[in-house]
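Below you'll find the structure, written out as structure tokens, and then a few comments.
The values are calculated or read from the model by the stated rules, or taken from the named source; none is laboratory data. Being a predicted model, the structure only gives us computed values, none of them experimental. Note that each Cβ is placed from the backbone with ideal geometry, even for glycine, and that neighbours are counted across all protein chains shown. The area values use the complete protein model at the heavy-atom level, side chains included, leaving out ligands, DNA and RNA. Shrake-Rupley method; radii C 1.70, N 1.55, O 1.52, S 1.80 Å.
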Amino acid sequence: MDLLCTAAIILAIPMLVIIWMFYMMMSIGTDFGIEKTPEEEEKEKYEQMDEFDQLISELNDPRDFLGDPESGMDAVRRIDEVIEKLVEIGDMRAVEPLIILAKKREPFSSESAIEALGNFDDKRSIDYLVKSLKDKDRDIRTAAVEALEKLDWEPE
């Protein structure tokens, strides 16, 4: 009987080690060679970013509360929310991405980005806003004027 118990234990140990290794691989996210779609990889990358970097990335790729891409008017609304949050945070690293968004000339978003630049007293934002005063689009010029007024800018 003792020999039978000993044999059972000897056979069970490797099985327990295999189960433990499988559990450890699953807990650290090993995917056993299963390839992810580009969308899954992008979503995983997004989820690993800090809040500020997520917001900056959403200026180009707006996402819903689950991290899935938005489109149409939902995307426009989300970009406005992101811009508001960036203004609230007040981090100067947002200036360049907002200028890039403004230059895209997308309806609604460009004007929102220009308006947001009026909250960042930074040479880059002021330079871009001054250039925007000569834009052919009246709405862009108006947004630039309002943004410069927020900054108490006066022509030299």
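Applying the condition of being among the β-branched types (Val, Ile, Thr) and more than 12 Å from the chain's Cα centre (by Cα) to region 46-94 and asking which residue is nearest to residue 119 (Cα to Cα) yields 87. Residues in region 9-30 that are loosely packed, with under 10 Cβ neighbours inside 10 Å and either in contact with a Ser or Thr (Cβ under 6 Å, 6 or more places away or on another chain) or modelled with pLDDT under 70 (or both): 3 in all. The selection criterion, being on the phi > 0 side of the Ramachandran plot and open to solvent by less than 30 Å² (accessible area, probe 1.4 Å), does not hold for residue 72.
Only a single criterion out of (1) open to solvent by 50 Å² or more (accessible area, probe 1.4 Å); (2) in a helix (DSSP H, G or I); (3) touching a helix residue (DSSP H, G or I) at 6+ places or on another chain (Cβ under 7 Å) is not satisfied by residue 98, namely (1). Being in contact (Cβ under 8 Å) with a residue 12 or more places away in the chain and open to solvent by 80 Å² or more (accessible area, probe 1.4 Å) narrows it down to one residue among 120, 108; which is it? Among 120, 108, only 108 is in contact (Cβ under 8 Å) with a residue 12 or more places away in the chain and open to solvent by 80 Å² or more (accessible area, probe 1.4 Å). Considering (1) outside any loop (DSSP other than H, G, I, E, B); (2) surrounded by fewer than 21 Cβ atoms within 10 Å (Cβ to Cβ), the lone condition that residue 153 does not fulfil carries the number (1). Take the conditions (1) loosely packed, with under 13 Cβ neighbours inside 10 Å; (2) at pLDDT 90 or above; (3) under 27 Å from residue 138 (Cα atoms); (4) charged (D, E, K, R); residue 77 misses just one of them, which is (1).
Is at least one residue of region 82-95 more than 24 Å from residue 138 (Cβ to Cβ), open to solvent by 40 Å² or more (accessible area, probe 1.4 Å) and touching a strand residue (DSSP E or B) at 6+ places or on another chain (Cβ under 9 Å)? Scanning region 82-95 turns up no residue that is more than 24 Å from residue 138 (Cβ to Cβ), open to solvent by 40 Å² or more (accessible area, probe 1.4 Å) and touching a strand residue (DSSP E or B) at 6+ places or on another chain (Cβ under 9 Å). Taking region 124-145 as the search range and keeping residues that are closer than 14 Å to residue 95 by Cα and open to solvent by 60 Å² or more (accessible area, probe 1.4 Å), which one is farthest from the chain's Cα centre (by Cα)? Within region 124-145, the match that is farthest from the chain's Cα centre (by Cα) is 127.
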